[in-house]
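The values are calculated or read from the model by the stated rules, or taken from the named source; none is laboratory data. Predicted model only: the values in this text are computed from it and were never measured. With ligands, DNA and RNA removed, areas are computed over all heavy atoms of the protein, side chains included. Shrake-Rupley method; radii C 1.70, N 1.55, O 1.52, S 1.80 Å.
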Amino acid sequence: MSGMDAVSSSALILGGFFFLAGTVGLLRFRDVHSRLHALSKTDNLGLGLISAGLILRAGSFPAGAKILIIWLLALLASAVTCYVIAEWETNHERQDRNL
Amino acid sequence: MRDRIEIYDVLLVVTLIGAAWRALFGKDAFSATVFFIVYGLLMAMAWVQLDAIDVALAEACVGAGLTGALLIGAVRQFERAPGARALRRTMGLRASIGALSLLALAGLTASLFEIENRRSPVPPLVERSLGDSGSAHPVTAMLLNFRAFDTWLEIGVLLIASLAAISIHRLYDPSPIEGRASTAPTRPRLQIQSQTQPWIMARTLLPLLILVGGAMLWFGSHAPGGAFQSGALIGAAGILLQIAGGRSALRLSSLRTRSLLSLGFSSFWLMAAGALLAGGRILEYPPASAGAAILALEAAATLSIALTLNVMYACSRPWGPEP
């Protein structure tokens, strides 16, 4: 059990690191595309690692499955919104250049 | 609620204060907004620690998520607008804002001592009447039955806010008002093809978001959830569509938009008037159909809240919604 705990803890800590890095990126990067890059890393890896760490501690199958579903939902939403915002920004840059 | 204070709680409070500090004194408007969102998410975690899951959900959805989106829209508009820097706050304004904040702080601190010193009679009262309320969840029973009047007025505040957003947008919108969209659809200033990749992706995600929002509404009858959380989720789906280019979907002058905006408020109004006419007190539902009444009111409120958030977001964008 303690081995499982160690794996779970290191996944949680590593996930937290990705969140920290993503937030720093969001604040430090200058343009929308780089910021999106930082944020989608956080959603994919950070939330994925935290979900994995929590699933190991979930205790019951339904609780673990719910955490997995939450991660998949967040992943889908993150992929779509990232693409949509990037496309929107690209359109605007193109429009600004044409003006 | 636990009685012990753990290291986690201390860390949470310290980070909360830090985020609030950076939100107030950040180096620019954008980073201040990011820290405001961080503050909202940390606040949601604090509410979870206090066993207030409903408030945590609302804080995360509305406080951090949607208010954050609105603020970022405002920041971008502010950065692009020529002469916006001229809107510097004067010394007198700063002083009065500071004085008002101190007054609010004093009032809140005083109320803190009051909570400490008296046991509230409300929780046992709610517990006893829960069976007649039409909801198995005490928070929903409180919001939609025992204090439905307060919720009615809250929905009214949202309605007024959306009307104010529309009015302010009209005030600054350079396009003439007489070209009402119902007769002559104006050509969008930014033309986005309706079959582009993001539009298709957003449309694919939409049913899923609406499904989760509907589940959130349904859960409200027996677990944390309800109209505000559900409305925020469905509103987010609409905002996603707006960003993806579905701008023509929202016409502020159309009867559909207007009636949907006021649906929540008018449903409460009808329910209140119906109860009065039936000889009861205002917003007093018959216990047998209280569950159905609550669900109907919540569904109506959800739609209005979702649309209100969309109208506000559309009005905060540089080129705005359809007139």
Looking at the square roots a ≥ b ≥ c of the eigenvalues of the Cα gyration tensor of chain A, which shape do they give, rounded for a/c under 1.5, prolate if a/b is larger than b/c, or oblate? oblate
Only helical DSSP H runs with n ≥ 4 go in: add -39500 (n - 2.57) per run for chain A, normalise by residue count and round the 222 nm mean residue ellipticity to 500 deg cm²/dmol. -30000 deg cm²/dmol
Taking chain A as a Gaussian network, where each spring joins two C-alpha atoms under 10 Å apart, which residue of A:Ala63, A:Ala11, A:Ala74 fluctuates the most? A:Ala63
Given a 10 angstrom Cα cut-off, can you work out which residue in A:Phe19, A:Phe29, A:Phe61 is the most mobile in a GNM of chain A? A:Phe61
If I compute solvent accessible area with a 1.4 Å probe over the protein chains, what percent of it on the range B:1-80 is carbon and sulfur? 73 percent
For the range B:1-80, list log₁₀ I(q)/I(0) at each q in 0.14 Å⁻¹, using the Debye formula over Cα point scatterers of equal strength and ignoring solvent, two decimals each. -0.49
How large is the translational diffusion coefficient of the range B:90-156 in µm² per second when you combine the Kirkwood radius over alpha carbon pairs with Stokes-Einstein at 25 °C and 0.890 mPa s? 163 µm²/s
Nearest 100 Å² is fine: how much accessible area is buried between B and A, summed over both sides, with a 1.4 Å probe? 1900 Å²
Rounded to the nearest 10 degrees, what's the angle between the helix A:61-98 long axis and the longest principal axis of chain A, both from Cα atoms, 0 to 90? 10 degrees
Where the Cα pairs of the protein assembly as shown fall when distances are cut into 20 Å bins, in %: 21, 56, 23, 1
